[in-house]
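Comments concern the structure below.
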Amino acid sequence: MAELRIGLIGTGAIGRTHIDRINNKLQGGKVVACADPASEFGLSVAQKMGLKGYADPIEMINDPDIDAIINTTADQFHEQFVLAAIAAGKYIFCEKPLAPKADACKRIVDAEMAGGKKLVQVGFMRRYDPGYKQLKEAIETRKYGEPLLLHCAHRNPSVPESYDTPMAVENSMIHEIDVLRWLLGENYATAEVRFAKDTRRTHAKLRDPQIMILTTRSGVRIDVEAFVNNGNNYEIKCEVVCEDAVLNLPEPANITVTANATKGIAIHKDWSTRFVEAYNTEFQSWINATKEGRVDGPTSWDGYLGQVTAAAASRARDTQTIVEIPFEETPEFYK
């Protein structure tokens, strides 16, 4: 295949960013068409970006001139379009979450297995971040002994008023749920979510900050702080306490700035710049693997287990109890 012809569904900000990324920075694939559940908006984006526009995303999925699909729609549309791509036998990259609820993810898993071929990759981009990959290598070698504890944080300067208490787990810490399971190579056993004293910057529908506590099957203890109205900066932290060493997620390389009688390191303002290299690597890997007929990244099963864990953490938050996470063996299909 000379060039992967990609159709993108969901032409909001992140969708347009991915179009620019693939068409202007990466190799081997091109977004040639787009669609959106809001059909008129999608058609207007197609015209502005020089793409073929479809009023109906399903029509684009089924078009034989489209080789693969990227889904960057709002969460509630994910199941519909991923199932349509599976039915069409086409590879699809779906931004996280795979679907908003675990049962919807399971329907996708079942459809993919029934079709007999892995076609779905979920957009957990942190697995492609250079710092997380360094941590993964150090943990897997056991050079520093067994991992025992993880201390993590997910901090934002602010979030809009539409961001509510459940979103801390289901939209922010879902990234930690996936990447930490990948780092450690094992599933979780229990989840707990506790509230701290609320910051003055929060609002009536958001408890902020929160701490999620996960315990893995082997007993590794993880705490993840979500503080999304810290009023200061965007920051992602991960400290792995091993038997013989403490490993820290490295900060991305940034310039030193001297200004206003202060000298310091410039930092990223949000996820879009902090993880830009991860996104580039993720999509280049997806293009390469799709052209060769395989899925290399996070699978539907990973997406399903992420939502099972998030659902347990949400129950733990709502009941202020420790909740057991249902353990399921990975099907041979996904090993």
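Values quoted throughout were computed directly from the atomic coordinates according to the rules given, and no laboratory measurement underlies them. A quick note: this is a predicted structure, and the numbers were derived from the prediction, not measured. Cβ coordinates were reconstructed from backbone atoms using ideal geometry, including for glycine residues, and neighbour counts include every protein chain displayed.
For the range 149-225 and the range 1-65, compute the distance between their C-alpha centroids and round to whole Å.
So the two Cα centres are separated by 33 Å.
Treating only the Cβ atoms of Lys and Arg (+1) and Asp and Glu (-1) as charged, compute the dipole magnitude of the range 120-238 about its Cα centre; round to the nearest 20 debye. Could the numbers behind the result be given before it?
Details: 17 positive and 16 negative charges, 38 e Å.
I would put it at about 180 debye.
Farthest toward the dipole's positive end in the chain, which of 264, 250, 34, given Cβ charges of +1 (Lys, Arg) and -1 (Asp, Glu) about the Cα centre?
Final value for the positive-end residue is 264.
Is any helix in the chain, taking whole DSSP H runs, at least 18 angstrom long along its axis by alpha carbon and on average at least 0.0 on the Kyte-Doolittle scale, and which ones?
Numbers: long enough: 102-115 (20 Å, 0.07); 276-291 (23 Å, -0.67); 300-319 (28 Å, -0.42).
Span-like helices, by this rule, are 102-115.
Given the options 320, 173, 88, identify the residue whose Cα lies farthest towards the positive end of the charge dipole of the chain (+1 on Cβ of Lys, Arg; -1 on Cβ of Asp, Glu).
The listed residue farthest towards the positive side: 173.
Which order, highest average first, do 22-29, 67-74, 304-311, 128-135 follow once you tally other Cβ atoms within 10 Å for each residue and take the mean per peptide?
Highest mean packing first, the order is 304-311, 67-74, 128-135, 22-29.
If you take every residue apart from residue 8 with its C-beta less than 12 Å away from the C-beta of residue 8, what net charge results, scoring Lys and Arg +1 and Asp and Glu -1? Intermediate results must be reported in sequence, preceding the final value.
Numbers: positive: 5, 16, 21, 30, 52; negative: 20, 36, 95.
In short, +2.
Can you give me the Cα centroid spacing of the range 249-269 and the range 277-335 in angstrom?
33
Suppose each label sits 7 Å from its Cα in the direction of the beta carbon; what would the residue 38-residue 103 distance come out to in nanometres?
Here the answer is 3.0 nm between the modelled labels.
Compute, for the chain, the length of the dipole vector about the Cα centre, with Cβ point charges of +1 (Lys, Arg) and -1 (Asp, Glu) only. Units Debye, rounded to 20. Each step should come with its number before you reach the end.
Working: 39 positive and 46 negative charges, 134 e Å.
That gives a dipole near 640 debye.
Net charge within 10 Å of residue 275 by Cβ-Cβ distance, Lys/Arg positive one each and Asp/Glu negative one each, not counting residue 275 itself?
Values: positive: 126, 274; negative: 129, 270, 277, 282.
Summing Lys/Arg as +1 and Asp/Glu as -1 gives -2.
Could you give the Stokes-Einstein D for the range 65-220 in µm² per second, using the C-alpha Kirkwood radius, 37 °C, 0.692 mPa s? If you can, show how the numbers build up before the last one.
On the way: Rh = 17.9 Å.
Estimated via Stokes-Einstein, D reaches 184 µm²/s.
Give me the orientation-averaged projected area of the Cα convex hull of the range 103-178, in nm², one decimal. Could the numbers behind the result be given before it?
Numbers: hull surface 32.6 nm².
With the hull built on Cα positions only, its mean projection is 8.2 nm².
Among rounded, prolate and oblate, which fits the range 199-251 when a ≥ b ≥ c are the square roots of the eigenvalues of its C-alpha gyration tensor, a/c under 1.5 means rounded, and a/b larger than b/c means prolate?
Working: a/c = 4.50, a/b = 1.72, b/c = 2.62.
Verdict is oblate for the range 199-251.
Name the residues of the range 166-182 whose amide N is less than 20 Å from a point 7 angstrom out from the Cα of residue 204 along the C-beta direction?
The answer is 166-168, whose backbone nitrogens lie closer than 20 Å to the label point.
Using a Cα distance threshold of under 26 Å, what count of lysine pairs results for the range 6-149 when pairs must be 8 or more residues apart or interchain?
Taking the range 6-149 as the scope, the lysine pair count is 29.
Provide the net charge surrounding residue 55, with neighbours chosen by a C-beta distance below 10 Å and charges set as Lys +1, Arg +1, Asp -1, Glu -1. If you can, show how the numbers build up before the last one.
Working: positive: none; negative: 36, 40, 56, 59.
Around residue 55, the charge tally is -4.
Roughly what would the spin-label model give for residue 76 and residue 117, points 7 Å off Cα along C-beta, in nm?
If labels sit at residue 76 and residue 117, their model points lie 3.3 nm apart.
Compute, for the range 263-335, the length of the dipole vector about the Cα centre, with Cβ point charges of +1 (Lys, Arg) and -1 (Asp, Glu) only. Units Debye, rounded to 20.
Details: 8 positive and 11 negative charges, 89 e Å.
The calculated dipole for the range 263-335 is roughly 420 debye.
Classify the range 199-333 from the C-alpha gyration tensor, please: rounded if a/c falls under 1.5, else prolate or oblate depending on whether a/b exceeds b/c. Please report the intermediate quantities before stating the final value.
Values: a/c = 1.80, a/b = 1.16, b/c = 1.55.
Oblate, since a/c reaches 1.5 and b/c is not below a/b.
Sort 318-330, 220-232 by the packing proxy (mean of other Cβ within 10 Å over each peptide's residues), most packed first. Working shown, then result.
Values: 318-330: 12.8, 220-232: 19.3.
The most tightly packed comes first, giving 220-232, 318-330.
Charges on Cβ only, +1 for Lys and Arg, -1 for Asp and Glu, centred on the Cα centroid of the chain; of 213, 273, 163, which one is farthest towards the dipole's positive end?
So the residue we want is 273.
Starting from the Cα-Cα distance between residue 321 and residue 292, subtract it from 0.36 nm times their residue separation and give me the gain in nm to one decimal. Each step should come with its number before you reach the end.
Working: separation 29, 0.36 × 29 = 10.44 nm, distance 4.63 nm.
Contour length minus the Cα-Cα distance gives 5.8 nm.
In which sequence would 41, 93 go, from the one with the fewest C-beta neighbours within 10 Å to the one with the most?
On the way: 41 12, 93 25.
Exposure proxy ranking, most exposed first: 41, 93.
Based on the mean of other Cβ atoms within 10 Å per residue, sort peptides 144-156, 243-255 so the most packed one is first.
Values: 144-156: 17.8, 243-255: 12.5.
Descending mean neighbour count gives 144-156, 243-255.
Relative to a virtual label point 7 Å from the Cα of residue 246 in the Cα→beta-carbon direction, which members of the range 132-172 show backbone nitrogen distances below 13 Å?
149-152
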